[in-house]
Every structure is written in C-alpha cells, then in structure tokens.
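The values are calculated or read from the model by the stated rules, or taken from the named source; none is laboratory data. Treat the numbers as computed from the prediction; the structure is a model and nothing was measured. Every residue, glycine as well, gets a Cβ built from its backbone with ideal geometry; the counts of neighbours run over all protein chains shown.
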Amino acid sequence: MAGWTRHTGEVALLAQDNLDTDQLLPARFMSTPRSEGYGDRLLYDVRRDESGALLPGFPLNRQPNASILVAGRNFGSGSSREAAVYALVDSGIRVVIAASFGDIFAANAVNNGLLPATVAEGLAPLGAAGSLTVDLQTCEISAGALRVRFTLDEGQRTKLINGWDDIDLTQHHQDEITAFRTARRQSAPWAWPAAG
Amino acid sequence: MPVPLALPSAEEEGRQPMHERSRAGAGRVTGPRTLLDKLWSAHEILRSPDGASLLWVDRHFVHEGSHHAFAKLAARAARVAEPDLTFGVVDHYAPTRPGLVRPEITRMIETLRSNAAAHGLRLFDLTAPDQGIVHVIGPEQGLTLPGLLVMCGDSHTSTHGAFGALAFGIGATEVAHVLATQTIWQRRPAAMRLTVEGTLGPGVTAKDLALAWISRLGAGAARGHAIEYAGSAVRGLSMEGRMTLCNLSIEGGARFGMVAPDETTFAFLDGRASAPRGADWHRAVDAWSSLRTDAGARFEREVSLDAAEIAPTVTWGTSPEQAVPVDALVPDPAVLGPEKADAAAGALAYMGLSAGRPIAGTPVDQVFIGSCTNGRIEDLRAAASVLAGRRARVPGLVSPGSMQVKRQAEEEGLARIFTEAGLDWAGSGCSMCVGMNGDLVAPGQRCASSTNRNFRGRQGPGARTHLMSPAMVAAAAVAGEITDVRPLLARDRGAL
Ligand code: SF4
C-alpha cells in the first residue's frame, strides 16, 4: 500500500446516516476474489433498480469520477467485511468524510489507504463544494476559502502517510513476541487448548 | 453509583429514562482496575509511541470469509504462526437444507478446507459433529475461556466476552496480521459500564435488554468503547443470555462487550472438550476469579438501566436503534428530532410501515430462529415453549447454532415441537441471518427474526426484517403478526 499526504478530487454527497457495510457491499458479492475488482458492487442495491440498472438520480451515478464521499453519522457500521472498503477503493474513492465511523470500518479503511476523516459538524458545505483538497499533514479539508479540520487517530494518520505494512513492522518485534509467549505459557498454561 | 440523568429525547418519546454519566480521562492502570485494564495488560506485549498496543492473541477463528486474509498470507509466502491456536469454522456459507448447492458456495468451503489443510489448522468442517456458528462453538468446545484474547474476522466476536475474555472483530488485513504473527495492534478502547439492576420480567430476555439500550442510546453510541455489563440482572443471566448481550455490543457501536466470570461461567465450562482439566482447571479457576473490576475503579462512561422497565422489544426500522417496546407505536419521524427524522422516514418507507400505528398487529410473512445471537439451546427452548401445542400461521425456518445444539434439541423434543408447529428444522450455520448460503427472505417479504441486523437487504435484497427475541419470534409465528409474547406465556401458566 502506497502512502499519501494530499489529495484533491471531486466530491459526492450521500446525505445518509448509518450507511452500514451490508449496504456498501451486499453479502452475496463477498465470495469474489479481490483480483476481479469490487468497484461495480459498491452500494449495489442502493444505486440500482431491481433490474440492476443504475438509478440516474443517485449521487455516485451522477458523479462517477468522485474520489471523495461526504456522508452522515456512523458510516460503515455493522459487519467487519473489509470488502466494503475494497468496493470504495476499487471505485476510486480515496477519502470518506463523515460525522462518525464504525470502529472496524475505520481500521479496515486505513489498512487499504482510504482516509476516514471525521468532521463532527458542518458537513453540508463540504458536500456542496464540488471539489476538495484533503491534507493529511495538517488534518485540513479545503476548497477555496472554505477550511475545515478533520480528526483521525494519530496512529492511523501515520500509517496512511507512510503506507506501512503492519506485518513487516510487527516482525521487527519478534524477540519481544517470543519472550511474551514463553512467559504466558508459564503463567497461563490453560491458554493453550487441552487436546480435545 | 451513576448519577441519574434522564435523556430528554427518550422522555419525549414516552419511553423510560436511562441514567448516564460520562467522565473524560478517567483513571487508567494505577489504583483500582477495571476488568478491561486487567485483560489488556495481561496481553500487552508492548506499546508504540503513538499509543497502540501490540497484543498477544490466544485464540483465532477463521471462516470461509477469511479467504482474503489467506490470499494476503500467500502473497507474501507467509505461514500461520500458531496453528494450534488457530481454528477454521464452516458457518457463513454452510448449506442448512438438502438440495443443490451453488458452485460458488462449494468453492468458498473448499477454499477454507485447502487453507486449513495447508497450514495444519483444526477445521470444524461442514460434516463434523461439532460444526456450528463460530460464536456458538468456541464456547461450546471450551475453546473460549475467561482471560483469553479471542479474535475472529467477524464483528460479533464480542460474543466471547461473555466469559470475561477480551474479544473483538477485525477485518481481513488484520486477520492476515494475526495469522502471520499471532498478535494484533490495537488502541485501548475507553471503558464503559452498563449496569442493569433488578429482575427481567417474564418473557423479557437478554435480547430485549440489548435492543432496549441500543434504541435509547443509539446504534453508534458506544463507538470507541468496551462495554462491561454488570448489575444483578446481568449476574442473573445464563451464559446463553450473557452471550446474546455481548454479541449485540457491536450493534450499539462497541467492538468489545464483556461480563466478569463467576460461578455461572465456571459451571458452563467445566468438562468442555478443550477446557483445562484436573489441576490445570483449579489453577485456572483461581486465576479467573480475580478477573473482575475492582471496587472504586473508574469508567470513562457509566450507564444504568432498570431491568423492571424493559419490555419485549421489536425493531420497526432498518437500524437496531430503531426499536420500540412491543406495546408501543411506530414512532412519527417528526418527533424523533431533525437528526433522525429523514432516516426514520426512509426506514418506514422501506419497511412498508405507517407512523403512529401500533407495532403489534403488523402481519409477518415468515419467521427465522437461529444465528450467533439467538441460536443456542436456551433460545430454542424459549421458542419451543411458546410453540408447544400451537400451529404457526406463517412458514419459518429454525436453524440451530451448532450441530451439538441440534442434537440436544432433538433429544429434548424441541425439534418435534417446531416441525409439528409447521416450521422447517434445518442444519446449523449462519443461514438466514445473512443469506450467504441461499437462505434468503424474498423482496418485500416481512420476517420476524431472532438475528442481529435489520439493515436494508441484510436477509436478501428488499427483505424487511424485524429483530426480536426467539420467544417473540415464536409468538409472531403463532399469531401471524407481531405480538406480545407475554399473554401467551400467561395463558400457559394458567393452564398448568
Ligand atoms: S450468524 Fe449472522 S451475525 Fe453471526 S456470525 Fe453468522 S452471519 Fe455473522
């Protein structure tokens, strides 16, 4: 995953609360291998009619090139499915700005280079801005004279900027992990399952 | 004790007040400690400068949906670090009824089989006698124990917290990380205590308790928090009830839910297949007995509820927070306040309901009893006690949470009660909770369901889900509409 610090792109407004991961990516698409791409499946049942045709009025259908989404509170609540993030990323979305995020979604997003930017109040002008610039160094979203700060966990911010791979990082601590394991086997032998 | 503070919106809606207190920056590890503090420090290998902890993982469950994580592992030619602490479970795609299985389902199960075999993992396979839903079989097998850190790529992993374990759901990248390192990076959540004193009334269950607090506080209310459930009403719950309560933590936004272990916990675990035995068991129980919040420990947030005020509760909308007592009216979006009005209006349109009408009396097309929330033996007993000697007016599916629950229900005669009432008695799996195996609710159909999510399309595109307890689902089956289960129970008692 590549790190990034600044992104400018077109904005689409999804003025809804509780856009849960079942809506972002319906369960029936979860068996798809990632290599096939998840972009077409994003919000599948929300942006299409029963025949599968795109609803012309739906914001993302009107703005297929949007890379920044503005939404309401509790975005990405529900299931831990990372495929909801794949659907956003594969559709070209880099930033979601919302009043709040599901905890698991936010972690999944950062693990895929997608910024979950929390803006508690004043979302409406951002949604109407057309195009926005998002800066990870300053935690600022701007469009012309409009400037709004967003919040993000400090560890998540560092990870997005650096594009680090956690497994590589953790493996630097292998000695500490091994020592911890040895001590735990001593102090809590029952933490290893009895041969059933 | 929590300072009483009535939530104005709850008052306006004519509901019972809830008491709440918050405090920023409450005490951490010095002085009296919370259960969360104890579990956290027991697993913390190190802490990074930005405050994230590297935690040791004692149990890791993977399922068919973990294919992305195994693919990530393969891409870096990595091995599973601790195969003895990693378990595979076939549940999300498990077919529950005989018949043709779609090739895509077979492929998902085969992929898990080959990953489990390649890494030497124990697999609870489709045809195994101990197969079931991951959050049912972990405890059932004694793999879930107090004081352990339990992980699964599934948001309802909080279920295992009912045993006083630290348990939370993660996404595929994190699953790959746990597979490769047996550790997880995580920032310590804020501690929240939800205290429920008193006794739940007849026909009122842990499910109602959960829906009640989520409806009063909101679906995102506990974001960033680990909830410890406490109080006499929680102590009075069976392990099944505690699992239901912890399971639903995520529907209120909390990744973690937990109950301090006690005699009820130990009695449930004693003798389970993978639980410690002999001297190890006694040593373990001694250690587990200290896993409780010390007197005077401070929580960042405290909420209290009176058990006696909770009624059987039913969702009317498309978020678990959109729930009311069964004797209440479907709320008018206008009175919910500007923040929630649009969502409520949209939910009512999707659900095909009118504001201001009683939720009771809403006709249902079908029912479902099962899932990791309410597919355990106690749940099936509660549903069967309502259905005994009665006929269901609508079709329905009963999918036990595990094959062990299935056998037990058959031995106890519960399965016969379900089939004689006209419901389908199926195999075990996630089934109609999420519909991945093809057990779907058709578009526009209304289902009374013992599951955990009433999201749009959760049980199938266009499906209308009403969440409620298993006994309430059984009552809906008998009446053909949403109805209060309590009069049915009273009539049974009168007949005795
Ligand atoms: S029963 Fe439903 S909620 Fe539970 S693990 Fe399966 S799909 Fe998830």
Please state which one of B:H156, B:H225 is within 14 Å of chain A (Cβ to nearest Cβ) and more than 16 Å from the ligand (Cβ to nearest atom). B:H225
Among residues belonging to the range B:82-96 that are within 15 Å of B:D154 (Cα to Cα) and aliphatic (A, V, I, L, M), point out the one that is farthest from the ligand (Cβ to nearest atom). B:V90
Among (1) farther than 14 Å from B:A421 by Cβ; (2) away from the ligand (no atom under 16 Å from the Cβ), B:V386 falls short only on (1)
The listed residue being modelled with pLDDT of 95 or more, within 30 Å of A:Q171 (Cα to Cα) and of a type in the set (K, R), out of B:R188, B:R242, B:R193: B:R188
What's the number of the only condition in (1) outside any loop (DSSP other than H, G, I, E, B); (2) within 28 Å of A:G155 (Cβ to Cβ); (3) among the hydrophobic types (A, V, I, L, M, F, W, C); (4) within 14 Å of another protein chain (Cβ to nearest Cβ) that B:L194 fails to meet? (4)
Given the conditions (1) more than 10 Å from every other protein chain (Cβ to nearest Cβ); (2) out of contact with any strand residue (DSSP E or B) (no Cβ under 8 Å at 6 or more places or on another chain); (3) buried (at least 16 other Cβ atoms within 10 Å of the Cβ); (4) without any contact (Cβ under 8 Å) to a residue 40 or more places away in the chain, which single one is not true for B:W281? (1)
So B:L85 passes all but one of these: (1) under 22 Å from B:G142 (Cα atoms); (2) aliphatic (A, V, I, L, M); (3) in contact with a Leu (Cβ under 8 Å, 6 or more places away or on another chain). Which condition number does it fail? (3)
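If you check B:S114 against the conditions, is it within 14 Å of the ligand (Cβ to nearest atom), more than 24 Å from A:T182 (Cβ to Cβ) and more than 9 Å from chain A (Cβ to nearest Cβ)?
Details: within 14 Å of the ligand (Cβ to nearest atom): no; more than 24 Å from A:T182 (Cβ to Cβ): yes; more than 9 Å from chain A (Cβ to nearest Cβ): yes.
Considered against the rule, which asks whether it is within 14 Å of the ligand (Cβ to nearest atom), more than 24 Å from A:T182 (Cβ to Cβ) and more than 9 Å from chain A (Cβ to nearest Cβ), B:S114 comes out as no.
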So which of A:R81, A:R47, A:R73 is closer than 20 Å to B:S319 by Cβ and within 16 Å of the ligand (Cβ to nearest atom)? A:R81
Expected single match for more than 14 Å from the ligand (Cβ to nearest atom), surrounded by fewer than 24 Cβ atoms within 10 Å (Cβ to Cβ) and within 12 Å of chain A (Cβ to nearest Cβ) among B:G120, B:G142 is B:G142
Within the range B:129-137, is even one residue within 13 Å of another protein chain (Cβ to nearest Cβ) and surrounded by fewer than 24 Cβ atoms within 10 Å (Cβ to Cβ)? yes
Being surrounded by 21 or more Cβ atoms within 10 Å (Cβ to Cβ) and polar (S, T, N, Q) is the filter; apply it to the range A:16-73 and report the residue that is farthest from the other protein chains (Cβ to nearest Cβ). A:T21
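Any residue at all in the range A:14-21 that's within 16 Å of the ligand (Cβ to nearest atom), in contact with a helix residue (DSSP H, G or I) (Cβ under 6 Å, 6 or more places away or on another chain) and modelled with pLDDT of 95 or more?
Among the residues of the range A:14-21, at least one is within 16 Å of the ligand (Cβ to nearest atom), in contact with a helix residue (DSSP H, G or I) (Cβ under 6 Å, 6 or more places away or on another chain) and modelled with pLDDT of 95 or more, which makes the answer yes.
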What are the residues in the range B:318-369 that are within 14 Å of chain A (Cβ to nearest Cβ) and part of a loop (DSSP other than H, G, I, E, B), if any? B:T318, B:S319, B:P320, B:E321, B:Q322, B:G337
Flag if B:D424 is within 13 Å of another protein chain (Cβ to nearest Cβ), closer than 22 Å to B:M403 by Cβ and of a type in the set (D, E, K, R): no
Would a scan of the range A:108-129 turn up a residue that is farther than 24 Å from A:A15 by Cβ, surrounded by fewer than 21 Cβ atoms within 10 Å (Cβ to Cβ), within 14 Å of chain B (Cβ to nearest Cβ) and touching a strand residue (DSSP E or B) at 6+ places or on another chain (Cβ under 7 Å)? no
Taking the range B:192-226, which residues are among the small types (G, A, S), farther than 15 Å from B:S158 by Cα and out of contact with any helix residue (DSSP H, G or I) (no Cβ under 6 Å at 6 or more places or on another chain)? B:G201, B:A212, B:S215, B:G218, B:A219, B:G220
Could you figure out which of (1) closer than 24 Å to B:I137 by Cβ; (2) surrounded by fewer than 24 Cβ atoms within 10 Å (Cβ to Cβ) isn't true of B:R446? (1)
Which of the numbered conditions does A:N65 fail, given that it passes all the others? Conditions: (1) under 17 Å from B:A172 (Cβ atoms); (2) touching a residue at least 40 places away in the same chain (Cβ under 8 Å). (1)
Hits in the range B:292-317 - residues which are among the hydroxyl-bearing types (S, T, Y) and not in a loop (DSSP other than H, G, I, E, B): B:S304, B:T313, B:T315
Unmet requirement for B:V175, which otherwise passes all of (1) among the β-branched types (V, I, T); (2) within 16 Å of the ligand (Cβ to nearest atom); (3) surrounded by fewer than 24 Cβ atoms within 10 Å (Cβ to Cβ): (3)
Give the range B:159-172 a look and list any residue that's within 11 Å of the ligand (Cβ to nearest atom) and farther than 23 Å from A:M1 by Cβ, or say none. B:T159
In the range B:454-495, which residues are within 14 Å of chain A (Cβ to nearest Cβ), touching a residue at least 24 places away in the same chain (Cβ under 8 Å) and over 18 Å from B:G396 (Cα atoms)? B:F455, B:R456
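Yes or no, residue by residue, for (1) within 14 Å of another protein chain (Cβ to nearest Cβ); (2) within 14 Å of the ligand (Cβ to nearest atom); (3) modelled with pLDDT of 95 or more:
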| position | (1), (2), (3) |
| --- | --- |
| B:S371 | yes, yes, yes |
| B:R376 | no, yes, yes |
| B:R390 | no, no, yes |
| B:M403 | no, no, yes |
Which pairs have Cβ atoms under 7 Å, sit 6 or more apart or on different chains, and link a residue in the range B:318-335 that is among the charged types (D, E, K, R) to one that is assigned to a loop (DSSP other than H, G, I, E, B)? B:E321/B:G218; B:E321/B:A219; B:D327/B:A311; B:D327/B:A360; B:D327/B:D484; B:D332/B:A355; B:D332/B:G356
